[in-house]
Amino acid sequence: MENKLKNSFADYFDQFRELGLLVFIVTLSIIVQIRNPSFLTGENINDLLKNTAILSILAVGMMLVLVTRGIDLSIASNMAFSGMLASLLVRDFPQIPTILILLIGLGTGTFFGFINGLLISKGRLLPIIATLGMMYVLRGSTFLISKGKWVSAYQFTDSFKAMATGSVFGINNLILIAAAVYLIAYYFINHTGTGRRIYATGSNPESAKISGINTDRMIILSYSIMGLLSGLTGVLWMARFASAQSDSAMGYEMNVIAACVLGGVSMGGGSGKVGGIFLGALLFGILNNTLPLINISPFWQNALQGAVILLAVIANVLAKRQVTKKNLNRRIK
Amino acid sequence: MNDYILELKNITKVFPGIKALDDVSFQLKPGEIHALMGENGAGKSTFIKVITGVYTPEQGEIYLDGERVKFHGPKDAQTAGIAAIYQHVTCYPDLTVAENIFIGHELRYPSRRLNWKEMYRQSDELLKTLSVDFNSKTLMGSLSVAQQQIVEIAKALSMKARIIIMDEPTAALTKRESEELYRVTQQLRDKEKASIIFISHRFEDMYKLASRVTVLRDSHYIGCWDLDAISQDDLIVAMVGREVSSLYPKKEVPITDEILKVENLSRTGYFKDISFSLRKGEILGLTGLVGAGRTEVCESLFGVHPADSGKIIFDGKERSIESPGTAMDLGIGYLPEDRQLQGLILDWGIDKNITLPRLDKFASGVWINEKNETEVAQKLFEQVMIKAQSVHAKASSLSGGNQQKIVVAKLLATDLKVIILDEPTKGVDVGAKSAIHEIMSDLAGHGYAILMISSEMSEVLGMCDRILVMKEGYLSAELSREEATQEKILEAAMVKTIKAGN
Amino acid sequence: MINSGIKKHSFLKWEWMLILMLILINIMNASLSPYYLNYFNISSAVMAFLDKAFMVFPMAFIMMMGDIDISVASTVALSSVIMGIAVQAGLPMPLAIVLCLGTATLCGWINGMIITRFKELSAAIVTISTMILYRGIAYIILEDQAASGFPEWFSFLGWESIGPIPFIVIVFTVFAVLFWLILHKTIWGRRILAIGQNNTASIYSGINVDKIRLMAFTSAGFMAGISSLFLTSKMASTRPNIAVGYELEVIAIVVLGGVSTSGGRGKIHNVIMAVFVIGLLKYGLGLINIHSQLLSIIIGILLILSTLLPNLGEDYLKKKKLRSNT
C-alpha cells in the first residue's frame, strides 16, 4: 500500500512539469486571445510555429547533450558557419543542386559536433569550456570564409530559399521539417537501445560504464547529433532570412538552453522528454509572438524570458523538495 | 562435468602504486552460496571487478565450467552469465524499473525497435516471482535502497545469470528488508539454480546463507573453509591477522561532569526522540545497523543538518547549533565517516589540512601566518604519529590509516570538549587502528568527552564506557560496559527495544 | 604520490607557457610595428583592453570554487544603463556612479542568494537566466535608445592619465594587488581554494561555504560595476546592448590563466598574465589590420588547448607510470 502511494506520487510529479507547462501555455493563449482575437487564427498559428521551428529543432539536440550532463555553447556559431558555407556555395556555384548544398551544411555541422564530443569524452574537457572554445573558433572562421561580407537575398537561388519559405498543403516547410525531427527524435529516444543508453549514461555514468555501455561513444553521438541539427538549422536560417552574415544567430544558444530548461530538462543529466522541450520551445515562441499582439513593447521580451526561466527552475526545486519531504515524513513513524 | 562452475587461479591486479590483488585464487561450486570476507581494503571489490570483467588482471587465469576464458569488458562477463549487484546500487534513478532491468540486453521487435510491452510484462513477472509490490513502470529513483537491490536481482535473473555476485547487499537494509533479501537469495539458489558469491561484513548473514567462505586480507588469499568447520573467532583472526584483544587499549579514567545532554532530538525522516547525556572522560558508543540514523544524529549535533526539534544542552546551557562553525565554537568536533570525501583535501599538504578548521586561530587577523601554521601542524603531526616524509607531504600520498590520523589531528587543532567520531577505524589497517584507539583513550584521560559511532561490535565492546544502540531512527537500548554483550547489542539493533539500562 | 607529481609538473609548465606566450607576442608586435615599443603606444594598447579585465578576478574566484557566472556582461549593461538614465534625469554624476556600482553589486548579490538558497540549481543555469533577465531589464529601460550627457570629467576615467600612467591602469593594479593578496595571503583565499577542492570537507571543517560563495558572486557584481564605469566613460554614452559576449571572453581569460576548471587551483598572477596575453594579442593583430574575428579563433584554440594539453600530459604520465609498474 505504502509503495503504491509513493509510486503514484512520484509519477504525478513526473507528469507535473509538462502538465503545468501546458496549463500555463493554454492560460496564456486564452488571455491573449481575449485581448486580441487575431491570435488564434490559422495564419498566426502558422506564423508562430514557423518562428518556433528552428528553436524547437535545436532544442532536441540540446536536450540530448544536457541529458549526458553536458552543454553546448557552440551551436549558434556552428549554425552560422555551416549556413555561411552553404550560402557561399550557393552564391558562387548556383548550379550545385540544393539538396547537395543542404547535405554539405549537415556534414559540416556534424563534423564540428563530433569534434566537441571527442574533446569532451576522450580529452576530458569540461563541456562548457570545450564548446566555448569551439564557439570562438567557428564564429571567427565564419568571418574568415565570408571575408566579412554578407550573402544577400538576390545571391541565393530560389530553390535554396524555398527550403524555408515553401510549403506543402499550406504548411510551411520549416514546420514540416521540425515535425519530422520530432518524430524521429521521439522514436530514437524511446524505441532504440542507443537512445536509452544516452539516458543511462547521463543518469549514472559510473554504472553505465560498469554495465558495459560505451559512454564515450554516447557522448560523442549526442554532440554529433547536436552538430547535425545545428548544420540543418544553420542552412534553414540563411534560407529563411535570405541573408547570411557572420554574426547570424549570435547568442541563440542561450535561447535554446533556456527552452530546454523550461521544458523540464535537468541540467544534472539523465532526464528530459521530447514533449517537454516542444512545450518549452512553444512557450518561448508564444512569448515572442504575442507581445506585439497585446501591445506590450517587444523590449519586454528578454526580461520576461529570463524571469520565466528563473521562476520555472525555482518552482521545480520547490516542488521536488516538497516530494522529498513527504517521503521523509513517511520513513519513520 | 566440472567440480567448479567458476575458478580463478593466481590472479594479480596492479594499480599505479599498489597491488590490489596478489596471487588470489577462488573456486565456486555450482548451486552454492559462497561468502567472500575481508576487511575494507582487503581487495574484495577489485576481485569482484575482475570476475565481472571491469578490470583485466595482469596475471592469472579465469575458468568457467573448466574452460579458460578471458573477459575484455563487462559485456563479456554478462554474456557468460555473470551478474553483479554492487555495494552501492548502480542503478539509473531517472529511468523506470523495467529499463533498469533490461538495459544492455533490451528486448526488440524483429525491426530492432524496442519491445516495451514485452519488457514491461516480463519485468512485472520477475517482480512478482520476487514478491514485491511495486510495478515495472515506477521510476527507479523513487524506490528504497532495498527495493532497488531487488530490482538488481531481477535484472540478474532477466539475463539468465548463472553466477550472481552480491557485494554487501544488506549493508543499508533494515532487519526486515534483510530477511526479504535472504529469502530471495535462497530462492535464487534453490529455484533458479544460481551460484552466488555473497560479500558481507555481517557474520549472521554468512552463517545463515553460505556454505563456504573465502577470506582475503591485504590483497592476499588467506584461505577457504566450510562454514560448519570454522568458528567466528577463527574467521576474525583470519580476516584481521592477529588476536583481537590487543586492539583495544582502553584505560580506566575518571568520568566527571556532564558536558552534553540531548533531549528528544528529532529530525524528520532520520531519527526521533533521541535523548542521552555525555560526561567528561567518557567514551560513549553509538551503534546499530548502517542506516539506523546514527550518523544523522551526530550530524545534527555538529550542525551539518540541524535537528527539527528537541534540546541540546551543552555545558549546562541550552544551545542551538545551526552550523559546524557554531558547533566548533562551542567545542564540539566531528570526525566524519568518509575521510576522503568529508575529512580531507587530498591535494593539499598535511599541514594545510590540519589547520583548515581553525585557520583564523593561526592567522594574524585575516593574514595567513605560514610559520605559525607549520609549527602547530608539526606538533600535532608528531603527536598523532603520522608516517610521512614531512608535514608538507600531500594527503593523497598517505595510506588510509595515516590519512585518518590527519583528520584526527584536525580535531586536535581545535579547542574541543566533545569529540564525535564516526567509524574512526573503518578501512584502516590494524596498526593504525590500535594507534587511533590509543589516542582515543588518551583524549578521554585528558577529560575530553567522546561519542563514537561504530558498526564493529568488538570495537564498541572494547572501547566504550557506555553503549547506545539505535534501530530505525529510535534509540533502542542504553547499556553499561558491564552489562553489554554482543548478543544484547545485536538484539537491540535488529529485533526489539530494550528498556534503557540503569 | 604520482598524482602530485603530475600536477606540479604541468602547473610549473603553465606559468612558463604564459611567460613564453607574452614574450612571443611582444616580439611579434614589435616586429609588426616599429612604433610598438614606444611608451605611448603600449599604454594606449593596455588601456584598450583593460576595461573588461576587472571582472576576471572575481570570475577566477568563482571558477576556483567550481562555479561559473555567465551574467557579468549583462550586469555591466544594466548598471551602465541605470547610470545613464540617472544622469539624463538630472542626478549628479557622483550619485549616478554610486547607483551604477550599487545596481551591479545587487545583481551579483541576487545571483549569490539564489545559488546558495537553491543549491539544487547549478550556478550555470541560474546565471544564464539572470543574464537574460538583467539585459532584458536594460532593454525595458532604454529600449533601442542610447543615454548620454555624461559630464566632461567623467571621460577622465577611461581616457586620462595621472602623470604618465593611465588612470585605468592604476585602478587595475590596485584591484590586482588586492585580489592577489586575498587569494594568496588571507584566510579567505585559503577557504576559497578549500571549497573548490572539496566542498563537503570544507563544510565539515566549519567553513561557512554559503557565505563565501555569496561574497564571491556579490564581488563579481561589484567588479562588473567597475568595468561598467570605465566602459561607459570611454564610450561617453550607453545602450542596452553594450558588452555583449564579454562574459565569455572573461571566462576564456580565466581558463587560459590556468585556473582549474574543476575548481580548487589557480593563481591570480597567471590570470593577470592571461589578461595581457589576450589584450596584447588583440592589439598586435589590430596593428596589422587583422580583424578581431581572427583573434577569436586564436582565443578559442588557446582555450581548448590550455585544458586539453594538461589532460593529455596527465594521461601520458599515468600510462608511463603504469607500464613501469608492471
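The values are calculated or read from the model by the stated rules, or taken from the named source; none is laboratory data. Note that the structure is predicted; figures quoted are calculated from it, not measured. When we count neighbours, we look across all protein chains shown, and the Cβ atoms used for this are built from the backbone with ideal geometry, even at glycine.
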Top-ranked residue in the range B:329-370 [being among the charged types (D, E, K, R) and part of a loop (DSSP other than H, G, I, E, B); ranked as farthest from the chain's Cα centre (by Cα)]: B:D347
Cβ-Cβ under 6 Å pairs, at least 6 apart or on other chains, the range B:58-72 side free of Cβ contacts under 8 Å to residues at least 40 places away in the same chain, far side among the aliphatic types (A, V, I, L, M) and assigned to a strand (DSSP E or B): B:V69/B:I62
Meets criteria (within 14 Å of chain C (Cβ to nearest Cβ) and either closer than 16 Å to A:M238 by Cα or β-branched (V, I, T) (or both)) for A:I99: no
Residue in the range A:127-137 that is within 15 Å of A:S246 (Cβ to Cβ), touching an Asp or Glu at 6+ places or on another chain (Cβ under 8 Å) and surrounded by 14 or more Cβ atoms within 10 Å (Cβ to Cβ) present: yes
Helices (runs of 4 or more DSSP H) enclosed by the range C:152-246 - at least 2 residues per element that are of a type in the set (D, E, K, R): C:187-197, C:209-235
Pick from the range A:211-231, criterion out of contact with any helix residue (DSSP H, G or I) (no Cβ under 6 Å at 6 or more places or on another chain) and assigned to a helix (DSSP H, G or I), ranking: modelled with the lowest pLDDT: A:R217
Cross-chain or 6+ apart pairs with Cβ under 9 Å, the range B:125-143 first and assigned by TED's automatic domain parsing to the domain that holds B:N100, then in a loop (DSSP other than H, G, I, E, B) and of a type in the set (F, W, Y): B:L127/B:F134; B:M140/B:Y92; B:G141/B:Y92; B:S142/B:F134; B:L143/B:F134
Meets criteria (more than 12 Å from chain A (Cβ to nearest Cβ) and either surrounded by 20 or more Cβ atoms within 10 Å (Cβ to Cβ) or hydroxyl-bearing (S, T, Y) (or both)) for B:S158: yes
Qualifying helices (runs of 4 or more DSSP H) (wholly inside the range B:19-104; at least 3 residues being surrounded by fewer than 16 Cβ atoms within 10 Å (Cβ to Cβ)): none
Members of the range A:232-256 that are closer than 19 Å to A:L132 by Cα and either surrounded by fewer than 22 Cβ atoms within 10 Å (Cβ to Cβ) or at pLDDT below 90 (or both): A:S246, A:D247, A:S248, A:A249, A:M250, A:G251, A:Y252, A:E253, A:M254, A:N255
Failed criterion for C:A252 (all others in (1) touching a helix residue (DSSP H, G or I) at 6+ places or on another chain (Cβ under 7 Å); (2) part of a helix (DSSP H, G or I); (3) more than 12 Å from chain A (Cβ to nearest Cβ); (4) under 22 Å from C:G108 (Cβ atoms) hold): (3)
Failed item, numbered, when A:Q322 is tested on (1) without any contact (Cβ under 8 Å) to a residue 40 or more places away in the chain; (2) crowded, with 22+ Cβ neighbours inside 10 Å: (2)
Meets criteria (away from chain A (no Cβ under 13 Å) and aliphatic (A, V, I, L, M)) for C:V126: no
Boolean, B:R339 is within 13 Å of another protein chain (Cβ to nearest Cβ), more than 15 Å from B:Y270 (Cβ to Cβ) and of a type in the set (K, R): yes
Residues (outside any helix (DSSP H, G or I) and in contact with a Cys (Cβ under 9 Å, 6 or more places away or on another chain)) located in the range C:56-108: C:S71
Options C:S262, C:S237; residue that is surrounded by fewer than 24 Cβ atoms within 10 Å (Cβ to Cβ), within 14 Å of chain B (Cβ to nearest Cβ) and in contact (Cβ under 8 Å) with a residue 60 or more places away in the chain: C:S262
Residue match in the range B:408-415 (condition: on the phi < 0 side of the Ramachandran plot, among the β-branched types (V, I, T) and either modelled with pLDDT of 90 or more or under 23 Å from the mean Cα position of the chain (by Cα) (or both)): yes
Breaking point among (1) away from every other protein chain (no Cβ under 14 Å); (2) at pLDDT 95 or above, for A:L282: (2)
All strands (runs of 3 or more DSSP E) inside the range B:262-328 with 3 or more residues being within 13 Å of chain A (Cβ to nearest Cβ): B:271-279
Subset of the range B:105-145 [more than 8 Å from chain A (Cβ to nearest Cβ), among the aliphatic types (A, V, I, L, M), closer than 18 Å to A:H191 by Cα and outside any helix (DSSP H, G or I)]: B:L107
Some residue of the range A:122-138 being at positive phi and of a type outside the set (S, T, N, Q): yes
Those residues of the range C:78-100 which are within 15 Å of C:W153 (Cβ to Cβ) and without any contact (Cβ under 8 Å) to a residue 12 or more places away in the chain, in sequence order: C:P92, C:P94, C:L95
Answer residue from the range A:92-117, given it is in a helix (DSSP H, G or I) and polar (S, T, N, Q) and is farthest from the chain's Cα centre (by Cα) among those: A:T98
Residue tally, condition surrounded by fewer than 20 Cβ atoms within 10 Å (Cβ to Cβ) and free of Cβ contacts under 8 Å to residues at least 12 places away in the same chain, over the range C:123-143: 1
Which numbered condition C:K320 misses (of (1) surrounded by 23 or more Cβ atoms within 10 Å (Cβ to Cβ); (2) away from chain A (no Cβ under 14 Å); (3) free of Cβ contacts under 8 Å to residues at least 60 places away in the same chain): (1)
Residue check for B:S455: touching an Asp or Glu at 6+ places or on another chain (Cβ under 7 Å) and either more than 14 Å from every other protein chain (Cβ to nearest Cβ) or within 17 Å of B:Y248 (Cβ to Cβ) (or both): yes
Selected residue (only one of A:L22, A:L88 is more than 18 Å from A:T131 (Cα to Cα) and at pLDDT below 90): A:L22
Within the range A:40-83, considering residues that are within 14 Å of chain C (Cβ to nearest Cβ) and not aliphatic (A, V, I, L, M), the one surrounded by the most Cβ atoms within 10 Å (Cβ to Cβ): A:N78
Within the range C:269-316, tally of residues that are away from chain A (no Cβ under 12 Å) and either touching a helix residue (DSSP H, G or I) at 6+ places or on another chain (Cβ under 6 Å) or modelled with pLDDT of 85 or more (or both): 17
